[in-house]
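These notes concern the structure reproduced below.
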Amino acid sequence: MPMGQVMVKNNRSLPCLCVGILVLLLAGCQGPQSALEPSGPAAGEIALLWWVMFYSAVAIFTLVFALLMYAAFRKPEKRRQISPIKFVVVGGLAFPILVLSILLPLGIGVGSGMDRLTPPETLTVHVTAHQWWWEVAYKGGPNDLDFNSANELYIPVGQPVELILESADVIHSFWLPRLAGKRDMIPGMTNRLVIEADEPGIFRGQCAEFCGLAHAKMAFYAVALEPEEFFRWAENQSRPQPASLEDEGARLFAQNGCALCHTVRGHQARGREGPDLTHVGSRKTIGAGLLPTSPENIALWLSRNDKLKPGNRMPDYVHLSQEDRLSIARYLESLE
Ligand code: CUA
């Protein structure tokens, strides 16, 4: 191809590439995990701080670029009208001090809003990070709740919820961008975060601190419900699920060692290594946000979880027949 044609082709593809990159970047500004689409007061303040910093950065960049052009194209004898000492003192000292004096208190104010004091009757949820899933325990609060769940955080709309954040192994970080900022979960330490949702909805959260092989697949969903719906959900989650002796899936679940790592309240399963499965059928996903809950996906998870989520601590149940895996999966899916 002649050189001229190559250049014309490149000239056309460059704007297309730029538009493509811009569309991809803008697509990240919304969705269930976007900090720029806040759905609660703490996230709203963070988004505002982000926009203040963005527009300040644009203004400062424009100013610096104008000065650069001035230095490059103005005649040297005219440029000498600006004293170098004054330029360094104003541009290099006074101006940064002014900018940082405005941004620092703004940032500290936004940060302290994330663990503000809450009234004693506030709902408290204990979230413990494990490699690579989330233990979610509801204890006490206005309705004296007492049950465990995993990988899903249900909250009532329009009221603050206090999260007590801990880690069972390494450092993780709790990040629910549409409701609040990040907070680290450090072994041996207890951190606190206050979240609040303005509207009902489903928001995606993600571990935000590298914590090992399956870090990228350590997600969760937060579901904000109207208060009466939330308490109906909580009442259902408190209910034990006694297993019927005729249920083949429940029998296989007990026989094949699942009960050593998982709990199903009402069943003999009392393990604490893995997620509590008492109401796993009511959850939107399995594997910490990995796959939608369905008998087929649970059976797939039983046979190939280490391929779906490399590093996952659960053994693959390849030695079971597909029929047995489906029986266990149907039993688990029935635990709503
Ligand atoms: Cu847990 Cu990254």
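Scanning the stretch 136-151 for residues that are under 21 Å from G287 (Cα atoms) and away from the ligand (no atom under 16 Å from the Cβ) gives A137, Y138, F147, N148, S149. Residues of the stretch 278-289 that are in contact with a helix residue (DSSP H, G or I) (Cβ under 6 Å, 6 or more places away or on another chain) and more than 16 Å from L300 (Cα to Cα): H279 alone.
Taken over the stretch 172-215, the criterion of being within 16 Å of the ligand (Cβ to nearest atom), in a strand (DSSP E or B) and touching a helix residue (DSSP H, G or I) at 6+ places or on another chain (Cβ under 9 Å) is satisfied by H172, L193, Q206, C207.
Every test in (1) open to solvent by less than 50 Å² (accessible area, probe 1.4 Å); (2) closer than 23 Å to A288 by Cα is passed by T190 save one, and that test is (1). Say whether the condition of being touching a strand residue (DSSP E or B) at 6+ places or on another chain (Cβ under 9 Å) and within 16 Å of the ligand (Cβ to nearest atom) is met by at least one residue in the stretch 100-117. No. Filtering the stretch 216-244 to residues that are assigned to a helix (DSSP H, G or I), within 16 Å of the ligand (Cβ to nearest atom) and crowded, with 18+ Cβ neighbours inside 10 Å leaves only K217.
When G271 is tested against (1) surrounded by fewer than 18 Cβ atoms within 10 Å (Cβ to Cβ); (2) modelled with pLDDT of 90 or more, just one condition goes unmet, and that condition is (2).
What about D169, is it within 16 Å of the ligand (Cβ to nearest atom), more than 18 Å from the chain's Cα centre (by Cα) and either surrounded by fewer than 22 Cβ atoms within 10 Å (Cβ to Cβ) or modelled with pLDDT under 95 (or both)?
Answer is yes for this residue.
The values are calculated or read from the model by the stated rules, or taken from the named source; none is laboratory data. The shown structure was predicted, so the numbers you read here are calculated from the model rather than taken from an experiment. No Cβ is skipped: glycine too gets one built from the backbone with ideal geometry, and neighbour counts run over all protein chains shown. These accessible areas exclude ligands, DNA and RNA; they are computed on the full protein's heavy atoms, side chains included. Shrake-Rupley method; radii C 1.70, N 1.55, O 1.52, S 1.80 Å.
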